Amino acid sequence: MYQYNQDDQTLIDERVAQFRDQTDRYLKGELGADQFRALRLRNGLYVQTHAPMLRVAGPYGLISSNQLRKLAHIARTYDKNYCHFTTRQNVQFNWPELEKVPDILAELASVQMHAIQTSGNCMRNTSTDHLAGVCPDEIADPRPYCEIIRQWTTLHPEFDYLPRKFKIAVSGATHDRAATQFHDIGLHLVKNASGEVGFKVFVGGGLGRTPIIGQVIKPFLEQKHLLSYLEAILRIYNLFGRRDNMYKARIKILVKETGLEKFSDMVDAEWQLIRDGRELTSERVEQIKAHFIPPAYAADAGSDTSFADLQAKHPAFATWVKHNTAAHKIPGYRAAFVSLKAPDSPPGDITDTQLDAVAELADRFSFGEVRSTHRQNLIFADVKQADLYDLWQALEPLKLATPNIGTVTDMICCPGLDFCSLANASSIGIAKEINEALDDLDYIHDIGDLKVNMSGCMNGCAHQSVGHIGILGVDKKGTEWYQLTLGGSSENEAAIGERLGPAVAKDEVTNAITTILDVYIKNRLAEESFLDMVKRVGITPFKEQVYASH
Amino acid sequence: MQVIKDKQIIANTWTYLTDDEPLLTGDVIVSVQRWLQDKSALLAHEGKIGVRVTSTDAVADLANDLQHIELIELNFPAFADGRLFSQAWLLRERYHYHGEIRATGNYLPDQVFYLSRVGVNAFSPSRVEDITTTLAGLNTFTVKYQPSVN
């Protein structure tokens, strides 16, 4: 993964010093609450229901074992022994003390981590495919480009006070695992007719209150123009994005109100004026690519036979392999998920002990590196198949081996009313209740690929509108209600879920979900996934059953 | 009132005139609208002329007149309104403006590093105590990742 040079280190050290000074001035009363708010948000610090929340950047999801140990240390020393992974591959601490945050940032800086621009109306952490560099369906490795974008976006002087937050995601594979079409800018690495790598650029996607699928603004952007084209989009957005209404301030609204064609003309006109003279050189790309050369894979890994034998001998292991590992481009290797969706644990949460243990396992089995995923799990990207049994055995007692990746209990879930000051309704409690109702693993596996996303408010941090089943908490006269949607998807065939009907009461959510699953089981065709069935039959059969008793 | 220009504390010599105030002697700053309407009268003025740009103005409107304008004031209505960062960049990079660009109004001393990078070379702090913070803020970072004006 990317290793900081002296300039990178100096930059984050200077950022810590800057924030320490700002915190001091705020505590002394020299800096007003509104002013400090804008500054602390740009360092990942929110003030939540109970305490501040600190969001730390996981640069495009990559975390070294050394960094994991630091996260464990922070959880132990400054928080309540746990942290939370988010859909954008970041890490959140829910209980830091405001006064201690500069110290936490200094601890992070000591392992090349930071919380810069993880919130606020600025360019956020760039996210990508958790299988980058290892998946068989890859066109080009997105990580070097993510690092180039990370550097370009970090402390960009012109674009730090945008109309609203701005998120970029990059996918390098044919299968989009990074929800790129729901980002302000989505980049797909593609090759042109002569085999040159470039980008298909999507713009104006986003979730939240007004979910919109991104549109293609540039079918093929040459690699050398990446940063000038991003700059052109950002300048047009910064100058013309709406600032009169925060709910209409995302670039998706500017694109929608302007029209893609005209917006694209505006961007092109700007781009023509800046594109020459600031090309991204191939030397620069190669220099960054050198940080992402493949690890020293064992040449004989593919000749292993123990893997098949062990699966035959241990059905529970075979089940875990089937659900919690993914194909790897190198023979004899697989990527192995660490499920952060144990039935009795809030989705995405991990304790300090687990973090330390995962660090140890990363060192033993996966070249000292782990990644966070869009669906709030972790993954070891490079595990020899011959080692998977030992890895599984180590993960089991840590409660990190629940074989549910991609299933109904692998829910994306926001912190909800339990922590977040924006939330209208709880989500963690509902997730727990659904988990308790779905305690039969065979049933869960029979249902198969099903993405359930649940957010505690309209802001949609858990991407409910693109869940195959989406659950959205709403407030109705002081009580918690839940709106259900079906048929959303954040992958290649991006779709926004359709509302099933009126919101259901809190104590009816689990029943509604199990009813939906029953309708699927009874009506599916052979091999038909939940999403495919919803596409085929629409929402009516589900609606009839869910609201039957009303 | 003191201002900071090119990292030096100097005395301010400029006066902003609202659109209905009569022209004074000395160095005056007028709105973009007044400049565009009263250009000939202002060109005949003995003192220097500056123009105040706010975030809803388009600096392109001044592009052909920049040789007559000795100071452009970027007047922040709210510190979170980042349009003026792009306006400053446009003035320097697109329209090659070489005069003084001064930040005034509701911006934060914590923003002056970024402002200096996009071409703002003068600052009019709204509070006396902000002078020190502003001077320090101009040196917050010694490294940068991307090109801009500076």
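Going by the structure shown, is A:Asp276 of a type in the set (D, E, K, R), free of Cβ contacts under 8 Å to residues at least 40 places away in the same chain and part of a loop (DSSP other than H, G, I, E, B)? Answer is yes for this residue.
Residues in the stretch A:173-200 that are β-branched (Val, Ile, Thr) and either at pLDDT below 95 or buried (at least 24 other Cβ atoms within 10 Å of the Cβ) (or both): A:Thr180, A:Ile185.
Out of the stretch A:244-269, which residues are in contact with a Ser or Thr (Cβ under 8 Å, 6 or more places away or on another chain) and within 14 Å of another protein chain (Cβ to nearest Cβ)? A:Met266, the sole residue that qualifies.
Considering only residues in the stretch A:121-145 that are within 17 Å of the chain's Cα centre (by Cα) and within 14 Å of chain B (Cβ to nearest Cβ), the one that is surrounded by the fewest Cβ atoms within 10 Å (Cβ to Cβ) turns out to be A:Met123.
Scanning the stretch A:146-175 for residues that are under 15 Å from the mean Cα position of the chain (by Cα) and not in a helix (DSSP H, G or I) gives A:Phe166, A:Lys167, A:Ile168, A:Ala169, A:Val170, A:Ser171.
Are any of the residues in the stretch A:241-260 surrounded by fewer than 20 Cβ atoms within 10 Å (Cβ to Cβ), at pLDDT 95 or above and on the phi > 0 side of the Ramachandran plot? Within the stretch A:241-260 (the criterion being surrounded by fewer than 20 Cβ atoms within 10 Å (Cβ to Cβ), at pLDDT 95 or above and on the phi > 0 side of the Ramachandran plot), the answer is yes, since at least one residue qualifies. Within the stretch A:48-66, the set of residues being farther than 22 Å from A:Lys167 by Cβ and in contact (Cβ under 8 Å) with a residue 60 or more places away in the chain comprises A:Thr49, A:His50, A:Ser64, A:Ser65, A:Asn66.
Residues of the stretch B:94-109 that are farther than 17 Å from B:Leu138 by Cα and either among the small types (Gly, Ala, Ser) or within 8 Å of chain A (Cβ to nearest Cβ) (or both): B:Arg94, B:Gly99, B:Gly105. Please verify whether A:Tyr229 is of a type outside the set (Lys, Arg), touching a Gly at 6+ places or on another chain (Cβ under 9 Å) and not assigned by TED's automatic domain parsing to the domain that holds A:Ser465, treating the condition exactly as stated. No: the conditions fail for A:Tyr229.
Looking at the stretch A:477-550, the helices (runs of 4 or more DSSP H) lying wholly inside it that each contain 1 or more residues that are among the polar types (S, T, N, Q), surrounded by 15 or more Cβ atoms within 10 Å (Cβ to Cβ) and within 29 Å of the chain's Cα centre (by Cα) sit at A:509-523. For the stretch B:120-149, taking the residues that are among the polar types (S, T, N, Q) and over 20 Å from B:Ser86 (Cα atoms), the one that is modelled with the lowest pLDDT is identified as B:Ser126. Just one residue in the set B:Val120, B:Val143 is surrounded by fewer than 20 Cβ atoms within 10 Å (Cβ to Cβ) and not in a helix (DSSP H, G or I); that residue is B:Val143. Scanning the stretch B:19-61 for residues that are over 19 Å from B:Arg102 (Cβ atoms) and either acidic (Asp, Glu) or in contact with a Lys or Arg (Cβ under 6 Å, 6 or more places away or on another chain) (or both) yields B:Asp19, B:Asp20, B:Glu21, B:Asp38, B:Glu46. Is there a residue being under 20 Å from A:Pro346 (Cβ atoms) and either part of a loop (DSSP other than H, G, I, E, B) or within 14 Å of chain B (Cβ to nearest Cβ) (or both) anywhere in the stretch A:57-73? Scanning the stretch A:57-73, I find at least one residue that is under 20 Å from A:Pro346 (Cβ atoms) and either part of a loop (DSSP other than H, G, I, E, B) or within 14 Å of chain B (Cβ to nearest Cβ) (or both), so the answer is yes. Considering the stretch A:244-273, and only residues there that are small (Gly, Ala, Ser) and assigned to a helix (DSSP H, G or I), the residue that is nearest to B:Pro147 (Cα to Cα) turns out to be A:Ala269. A single entry from A:Asp382, A:Asp410 fulfils the requirement of being among the acidic types (Asp, Glu), in contact (Cβ under 8 Å) with a residue 40 or more places away in the chain and within 27 Å of A:Asp440 (Cβ to Cβ): A:Asp410.
Of all residues in the stretch A:1-53, those satisfying the criterion of being of a type in the set (Val, Ile, Thr) and either away from chain B (no Cβ under 13 Å) or part of a loop (DSSP other than H, G, I, E, B) (or both) are A:Val47, A:Thr49.
Listed by position, the helices (runs of 4 or more DSSP H) inside the stretch B:1-112 whose residues that are touching a residue at least 40 places away in the same chain (Cβ under 8 Å) and not polar (S, T, N, Q) number at least 2 are B:83-89. Give the residue that is surrounded by the fewest Cβ atoms within 10 Å (Cβ to Cβ), with candidates limited to residues of the stretch A:43-55 that are modelled with pLDDT of 95 or more and out of contact with any Ser or Thr (no Cβ under 7 Å at 6 or more places or on another chain). Here the answer is A:Asn43. Scanning the stretch A:273-284 for residues that are more than 14 Å from chain B (Cβ to nearest Cβ), surrounded by fewer than 18 Cβ atoms within 10 Å (Cβ to Cβ) and not hydroxyl-bearing (Ser, Thr, Tyr) turns up at least one hit. Considering only residues that are surrounded by fewer than 17 Cβ atoms within 10 Å (Cβ to Cβ) and out of contact with any Asp or Glu (no Cβ under 8 Å at 6 or more places or on another chain), which ones fall in the stretch B:24-44? Answer for the stretch B:24-44, where residues must be surrounded by fewer than 17 Cβ atoms within 10 Å (Cβ to Cβ) and out of contact with any Asp or Glu (no Cβ under 8 Å at 6 or more places or on another chain): B:Leu24, B:Gly26, B:Gln37, B:Asp38, B:Ser40, B:Ala41, B:Leu43, B:Ala44. Considering the stretch A:154-172, and only residues there that are within 14 Å of chain B (Cβ to nearest Cβ) and among the basic types (Lys, Arg), the residue that is surrounded by the most Cβ atoms within 10 Å (Cβ to Cβ) turns out to be A:Arg164.
The values are calculated or read from the model by the stated rules, or taken from the named source; none is laboratory data. Note that this is a predicted model, so its numbers are computed, not measured. Positions of Cβ are generated from backbone atoms using ideal geometry, with glycine treated the same way; all protein chains shown enter the neighbour counts.
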